[in-house]
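The numbers here are math on the coordinates, done by the rules we state, and not lab data. Given the structure is predicted, the values throughout are model-derived calculations rather than measurements. Cβ atoms come from the backbone with ideal geometry, glycine included; neighbour counts cover every protein chain shown.
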Amino acid sequence: PNTPLICPSILASDFAKLGEEIRALEAAGADWIHVDVMDGHFVPNITIGPDVVKALRPHTRLPFDVHLMVAPVDPWIEAYHAAGADILTVHPESGPHLHRTLGRIRQLGAKAGIVLNPGTPLSILEEVVEMVDLVLLMSVNPGFGGQSFIPSTLKKIERARAILDAAGSSAHLQIDGGVTALNAGACVAAGADALVAGTAVFKGGPDAYAANIAAIKAAK
Ligand code: DX5
Ligand code: ZN
């Protein structure tokens, strides 16, 4: 299989030094910056608003991959896009009209992603496969970093890969939650091409970021 894109989740970074952290990630070989947006309502945690994304934008040329764990999500799409998000990824549970939400994201000129929780059926993807540039499968229940990878995700990755291939879609298939060098190879073998990692990238501090990213990228 091919080398996956590595998308460090800044949820695991030092929030007192976010600009520095993002520059360090770019220097360490990150492909995208994964921004976890949590509202204390859709998920039991509060993180990063659009003003923070805007403040970070000048610190890197890497794409901002913004994972919106916010309900209702529609009122926030424009603000995160204006703040500099390149990819906006939404949960189907975060609004009543998924198809319309994905259409609005693309209309703004951003890339549209759909994200499915461990308990959310994959079948919804079939209804919107032509509207998405990215499919994110959660391998933990969202809300916090540092949780363990749910092993049944591997079968779901294979099934998602089959749906994308059958539709002739070139959308990315991204995995998020508990990804480490120990399970990254299996994710890629199952059909993933982009991996989010928080804990596994940030462990050991800035001097270790490059080696941590390389280890996940090279994992078999
Ligand atoms: C969970 C977030 C993840 C999380 C990943 O709600 O969507 O992006 O921060 O962190 P780790 O890699 O530590 O599981
Ligand atoms: Zn995430």
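Near the amide H of Gln147, under 5 Å away, which other amide H atoms are found, from residues 5 or more places off or on another chain, if H is placed in the peptide plane?
Gly178
Between Ala79 and Ala211, what is the spin-label point distance in nm, taking each point 7 Å from the Cα along the Cα→C-beta axis?
The modelled label-to-label distance comes out at 4.1 nm.
Spin-label point model (7 Å from Cα, Cβ direction): what's the Ser148 to Ala218 distance in nm?
For the pair Ser148/Ala218, the computed spacing is 2.8 nm.
Sum -39500 (n - 2.57) across every DSSP H segment of at least 4 residues in the chain, then divide by the residue count to get the 222 nm mean residue ellipticity, nearest 500.
The helix contribution divided over the chain gives -9500 deg cm²/dmol.
Taking θ = phi - 60°, what integer Hz values does the Karplus form 6.51 cos²θ - 1.76 cosθ + 1.60 yield along the range 45-60, in sequence order, with x for Gly and Pro?
6, 10, 10, 10, x, x, 5, 5, 4, 4, 5, 7, 3, x, 8, 7
How high is the relative contact order of the chain, given as a whole-number percent (alpha carbon pairs under 8 Å, six or more residues apart)?
RCO, the chain: 22 percent.
Of the candidates Leu182, Leu116, Leu136, which one comes out as most mobile in a Gaussian network treatment of the chain with C-alpha springs shorter than 10 Å?
Leu182
So which lysines pass the test for Lys217, namely a Cα distance under 19 Å, with those fewer than 8 places away in the same chain ruled out?
Of all the lysines, those that pass the test against Lys217 - Cα under 19 Å, at least 8 places apart if same chain - are Lys203.
Would you grab the residues whose amide H sits under 5 Å from the one on His172? Only those 5+ places off in sequence or on another chain, please, with H modelled 1.01 Å from N.
Result for His172 returns Leu134, Val135.
List the trypsin sites (Lys or Arg not before Pro) within the range 14-72 that DSSP assigns to loop and that have no more than 11 neighbouring Cβ atoms inside 10 Å.
Arg61
Just how large is the dipole of the range 63-220 about the Cα centre, in debye to the nearest 20, putting +1 at every Lys and Arg Cβ and -1 at every Asp and Glu Cβ?
Roughly 320 debye, rounded to the nearest 20.
Could you tell me the center-to-center distance, by alpha carbons, between the range 131-177 and the range 28-84 in angstrom?
19 Å
What residue among Gly29, Gly191, Gly168 has the largest mean-square fluctuation in a Gaussian network model of the chain, using Cα springs under 10 Å?
In the Gaussian network model the winner is Gly168.
Which value, in debye to the nearest 20, gives the size of the charge dipole of the range 26-70 about its Cα centre, when Lys and Arg are +1 and Asp and Glu are -1 at the Cβ?
160 debye
Beyond a 28 Å Cα-Cα separation, which of these cross-linked pairs lie in this structure: Lys111/Lys155; Lys54/Lys220; Lys17/Lys220; Lys54/Lys156?
Lys54/Lys220; Lys17/Lys220; Lys54/Lys156
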